[in-house]
Amino acid sequence: MKYPKDGRFGEFGGKYIPETLVPAIEELEENYLKFKDNKDFKRELDYYLKQYAGRPTPLYYAKNLSEKCGGAKIYLKREDLLHGGAHKINNTLGQALLAKKMNKKRIIAETGAGQHGVATAMACAVLGMKSEVYMGYKDTIRQKLNVYRMNMLGAKVHPVKSGSKTLKDAINEAIRDWITNVESTYYLLGSAVGPHPYPVMVRDFQSVIGEEIKVQMKKISKTPDIVIACVGGGSNAIGTFYPLVDTNAEIIGVEAAGKGLKSKYHSATLSAGSKGVLHGMMTYLLQDDEGQITETHSISAGLDYPGVGPEHSYLKDTKRVKYHSATDAEVIDAFLMLTRTEGIIPALESAHAIAEAMKVAKKSKKSESIVVTLSGRGDKDVEEVQKYLSKHVKN
Amino acid sequence: MSRIKEKFVELSAKKEKALIAYIMVGYPNENATISAVRGLIKGGADIIELGFPFSDPLADGPIIQNASTVSLDNGTKLNKFFNIVKKIRKETDMPLILMTYTNILYHKGYSKFIAEAKNAGIDGFILPDMSIEESKEYLASAKNAVDTIFLISPNTTKSRIERIAKLSSGFLYLVAVYGTTGVKIGIQNYTLNAIKEVKKITKGKIPVGVGFGVSTPEDVKKYIKAGADAVIVGSAFLKLIEKTPQNKLESSIATFTKSLKRQTIQT
Ligand SMILES: Cc1ncc(COP(=O)(O)O)c(C=O)c1O
């Protein structure tokens, strides 16, 4: 769906928002539509993406990993090499530039793993704006390194102690801030979630991933046979998938199965959720029998979210994309495997996609190609992985 | 005529404005809810808003957030909630409004939820995250059964206020300030102007209630003077409930309610 004028992907999406935010959302949509195809805006964004963030990112043939799996050729779309260490900068540069055009002086954001917070802080630093970032208290501890980075970049980090103290609560708190400071503030949402037009806008800014894959694969042979990305809110995944949905590629999104889909400890919204309304959108959610949002778990803070972008809900129901999941244990295996075979330390979020790629590669033909979006690098996660290993290797 | 409409007609005949009180059901427990409601009745509240907790109350400030968490932790489920509503309904004929978030209705199905609520004695709904654009099914389900009270804000445009007023029944809820529930930033000029403006636009076709941050008799007096047909007080009641022992709850709530209600009676 190119641009959903009614704000919906099929039945999903919409804008379920407090009335105070309506003028702000309308102003945002108006400006996004005005600038998205504007030549000067595009040129400026393109400049920052290339010269500042480091685009295009390589499509790297992971020969060692492919041979280890013994099947299809695995290619890694190296978003981990971007400035900041994740795909998040594609979106923050786009939105921060837009905010600047809209004369907004104050930027707020939420963050889970801290990567979106860091990318926001960077974009705001380089464009000369002030930023404040809401982050679940639990995440400030497990992704402490990113809290230090945000502070040093000049962002003010607000630890959020309400609810489950993770990403969903950080979004709640950012929305409350926005309601309070609606005139002066731009809310720079970090994933393809929230009320329209955020899901489509974030998708558009992230689609540079899939566009580049298309061009890069053409040089190698043809369009990829299989495309894989991890899904939290779903921004790196939709940015990868959207330009490829019209091809014949098999597309797979990978959610966090945590301690298993049968346990209560996972974040696999599309695999195990039901429809509902949260954070301004109608989409699949993890909720109890009365519509209360349930607490989620994932070893990766960036996937620890009970909702998912509405376009993914649409792609699931229309069966264009398959949504699978990887457990914490599989993710650790994949993390170590990629680290040791290729010398690439992936973010735990991205390691979900690697885990799926390893499973798929084993079952596919040598002539086939798999493209995996490596959404971020794993420096932020080495302490968490170390902790996991010391706890689990004992038994 | 709905109970809410009747109430406004009755008050207008007496030259009174409405005091609407909000409490979170199950905070801190069922007994406290019943005592608080009795205090509200005794103190002369005109309409009661009963909050059903939602895990992610994004329009609420810390006080109602905390009340939601406590209520959910104490096991407030819909069955229990509706049973409490039924108990309250046996004690009073005053209008009861259910305030919660969209997902709670969506999850059960708007029609089913509204039918159950009405059966328990609920007269209307307030859903702070329900925008008119998404309200088709909700409105269809509520039609001829319960009132749908939509919110407007000081930054809502004139044409939008007109559209929202058309879809609202019972009253129109003007959010007093930029912020979440329970904010304490004092009376703002933009709020007083907004009240006048909204009254002008709605031309008396629907009562206008003002809420968010209204907490003292002085606040009530100023909003009524500016032209509000109703004031809604919430967080201030929850604060009082929090600090008052159960055996004094009914009388303290009654006393506080009286002090607020007095300001809605024109002399
Ligand atoms: C490296 C990385 N990948 C993926 C995600 C998940 O977000 P999304 O699903 O929006 O791409 C995050 C979020 O923090 C992240 O840091």
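Read-outs: derived from the displayed coordinates by stated rules, not from any lab. Because the structure is a prediction, the values reported are computed rather than measured. Reconstructed Cβ throughout: ideal geometry from the backbone, glycine too, with neighbour counts over all protein chains shown.
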* Label-point separation (nm) for residue B:248 and residue A:2, each offset 7 Å from Cα along Cα-to-Cβ? -> 6.9 nm
* Asked: Helix A:208-220 versus the longest principal axis of chain A: what angle, 0 to 90°, nearest 10, using Cα atoms?
  -> 30 degrees
* residue A:366 label point, 7 Å along Cα→Cβ, cut-off 19 Å on backbone N: hits in region A:72-91? -> A:72-75
* To do: Evaluate the Debye formula for region B:195-265 with equal point scatterers sitting on the alpha carbons, no solvent, and hand back log10 of I(q)/I(0) at q = 0.13, 0.16, 0.17 Å⁻¹, in q order, two decimals.
  => -0.43, -0.59, -0.65
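In region A:122-237, how does Rg compare with the Kirkwood Rh, expressed as the Rg/Rh ratio over alpha carbon atoms?
We get a ratio of 1.05 for region A:122-237.
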* To do: Take A:358, B:99, B:1, A:1 and order them by how many other Cβ atoms sit within 10 Å, fewest up front.
  => B:1, A:1, A:358, B:99
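May I ask you to derive the relative contact order of chain B, considering only C-alpha pairs under 8 Å and at least 6 residues apart, and to give it as an integer percent?
Once normalised by length, the contact order is 26 percent.
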* Structure fact -> For region B:118-237, the charge dipole (Cβ of Lys, Arg +1; Cβ of Asp, Glu -1; about the Cα centre) points to a positive end, and the Cα of B:151, B:193, B:215 closest to that extreme belongs to B:193
* When Rg is the radius of gyration of the Cα atoms in chain B and Rh is its Kirkwood radius, what does Rg/Rh come to? -> 0.93
* Structure fact -> Simple spin-label estimate for residue A:37/residue B:159, 7 Å along Cα→Cβ, in nm, reads 2.3 nm
* For region A:183-329, what is the per residue volume of the convex hull drawn over the alpha-carbon atoms, in cubic angstrom? -> 121 Å³
* Run through every distinct alpha carbon pair of the protein assembly as shown and return the Kirkwood hydrodynamic radius in angstroms, one decimal place. => 25.8 Å
* Structure fact -> The local net charge around residue A:326, scoring Lys/Arg +1 and Asp/Glu -1 for residues other than residue A:326 whose Cβ lies under 9 Å from its Cβ, equals -3
* To do: Let me know the charge dipole size of chain B about its Cα centre in debye, to the nearest 20, where only the beta-carbon of Lys, Arg (+1) and Asp, Glu (-1) is charged.
  => 780 debye
* Structure fact -> Taking chain A and counting helices only, DSSP H stretches of n ≥ 4 at -39,500 (n - 2.57) each over all residues, the nearest-500 ellipticity at 222 nm comes to -13000 deg cm²/dmol
* Go ahead and collect, in residue order, the members of region A:279-298 whose backbone nitrogen is under 17 Å from a label point 7 Å along the Cα-Cβ direction of residue A:11. => A:281-287, A:291
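More than 19 angstrom separation, counting every C-alpha pair in region A:46-205; what % is that?
56 percent
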* **Between 0 and 90°, nearest 10: helix A:328-342 axis offset from chain A longest Cα axis** => 70 degrees
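Where does region A:64-138 land on the Kirkwood hydrodynamic radius, alpha-carbon pairs, in angstrom?
Across region A:64-138, the inverse of the average 1/r is 14.0 Å.
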* Mean projection of the alpha-carbon convex hull of region A:251-395 over all orientations, in nm²? -> 9.9 nm²
* State the percent of C-alpha pairs, over all pairs in region A:17-74, separated by a distance greater than 19 angstrom. => 63 percent
* Asked: Using the Kyte-Doolittle scale, which helices in chain B average at least -1.0 and also have C-alpha atoms spread 18 Å or more along the helix axis, with helices defined as whole DSSP H runs?
  -> B:30-43, B:78-91, B:189-202, B:246-261
* Write down the radius of gyration of chain A and its Dmax, each obtained from C-alpha positions, in Å. => 19.3, 59
* Asked: Convex hull volume of the Cα atoms in region B:138-267, per residue, in Å³?
  -> 135 Å³
* **For q = 0.19, 0.21, 0.24 Å⁻¹, Debye-computed log10 I/I(0) when each Cα of region B:1-111 counts as one equal scatterer** => -1.03, -1.19, -1.38
